[in-house]
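Just below is one structure, and these are the notes that go with it.
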Amino acid sequence: MEARLNQMELFPTEQDPRPPESVSWNLWHGCTKVSEGCRHCYMFRRDEAVGRDPAVVTKTQSYSLPIRILRAGEHRGRYKIPSGSCFYTCFSSDFFHPAADGWRPEAWDMMRTRADCTFFFITKRPERIAGALPPDWEDGWEHVTIAVTCENQAMADRRLPVYLALPLCRRSVMIEPMLSRMDLRRYLETGRIAEVSVGGESGPDARICDFDWVLDVRRQCVEYGVGFSYHQTGAKLLKDGRLYEIPRSRQHEQAKKAGLDVPGTRSRFVLHGDMPGE
Ligand code: SF4
């Protein structure tokens, strides 16, 4: 039978001796498509391959991961995820999807409780953020970064004005999958964007990403002193007039080999793994 924990064991007071981790926290799963960037959403691809309806949003088994407590072992009584860890959140849904409105307050509670960790998530629904923030959000929580993703100029022009007006400690823009040349100067010049990360599209039907588009956005970021990261090439990269087909396993590595990353003065996150829309 499971042993009962006393109060001392539940809340150890000495510093957590374990190293911090980078963990995925997919607290709900399922989504609905909102724009061109969603066309080849990897979550849809994977769900449909196993006969599951990707448009049905459900809580996952890892919903309460940040506040789970170890019940046995050397670190019994501590949180399962060590202090200082980074949670990469909601990569098989959208944190601001309307179907999750009833669960989100509890998700904020968990993030508030784990202010000793950081949380990072990306949305294509910035217009829903203002009405979905917790009551004590004020100018933003330092340990929570909400990034917005824009796949082309039209979505940048629709989403960035809304996003830049939000109370956020830190603003990060993802251009992924990059589907067009983009002019971000009027948004970068506000000084409100800390970093921009660019990537191509993955998967069997991936659309082409032109390396010139990537270099162009990088030039704009350098011009305005904004951090830039070339996250991954995507499966089809057009470079110097030649189309390269790049296997999934090499897309991150090839992008890093391009050596384009420019750390912003305030840059702090490192992206990894698959993201929605890849
Ligand atoms: S790409 Fe993102 S927003 Fe679009 S359907 Fe997939 S999870 Fe939802």
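Observations
- Contour minus Cα-Cα distance for Asp240 and Arg18 (0.36 nm per residue): 75.2 nm
- Taking only the Cα atoms of region 101-258, the ratio Rg/Rh comes out at 1.01, with Rh defined as the Kirkwood radius.
- Remark: region 16-156 is approximated by an ellipsoid whose semi-axes, taken from the C-alpha gyration tensor as √(5λ), come to 28, 19, 14 Å, largest first.
- Each other residue within a Cβ distance under 12 Å of Arg52 adds +1 if Lys or Arg and -1 if Asp or Glu, for a net charge of -1.
- Stretching the chain fully between Lys257 and Arg219 yields a gain of 11.9 nm (0.36 nm per residue, less the alpha carbon separation).
- Residues with amide H under 5 Å from that of Val198, placed H, sequence gap 5 or more: Ile175, Ser229, Tyr230, His231
- Debye-sum result for the chain in log10 I(q)/I(0), which assumes one identical scatterer on each alpha carbon, at q = 0.10, 0.13 Å⁻¹: -0.55, -0.91
- Approximating the spin labels as points 7 Å out from Cα along Cα→Cβ, the Thr58-to-Ala154 distance works out to 3.4 nm.
- A Förster radius of 41 Å combined with the Cβ-Cβ distance from Val162 to His75 puts the calculated FRET efficiency at roughly 0.45.
- Spatially proximal lysines relative to Lys256 (Cα-Cα < 22 Å; intrachain offsets below 8 disregarded): Lys236, Lys239
- When region 170-268 is reduced to its Cα atoms, the Kirkwood hydrodynamic radius in Å: 13.5
- Share antiparallel - DSSP beta bridges, region 170-268, percent rounded to 5: 30
- Using all pairs of distinct alpha-carbon atoms, the Kirkwood hydrodynamic radius of region 78-147 works out to 12.7 angstrom.
None of the figures in this text is laboratory data; all of them are computed from the coordinates on show. What you see is a predicted model, and the numbers here were worked out from it, not measured in a lab. Glycine also receives a Cβ, built like all others from the backbone with ideal geometry; neighbour counts cover every protein chain displayed.
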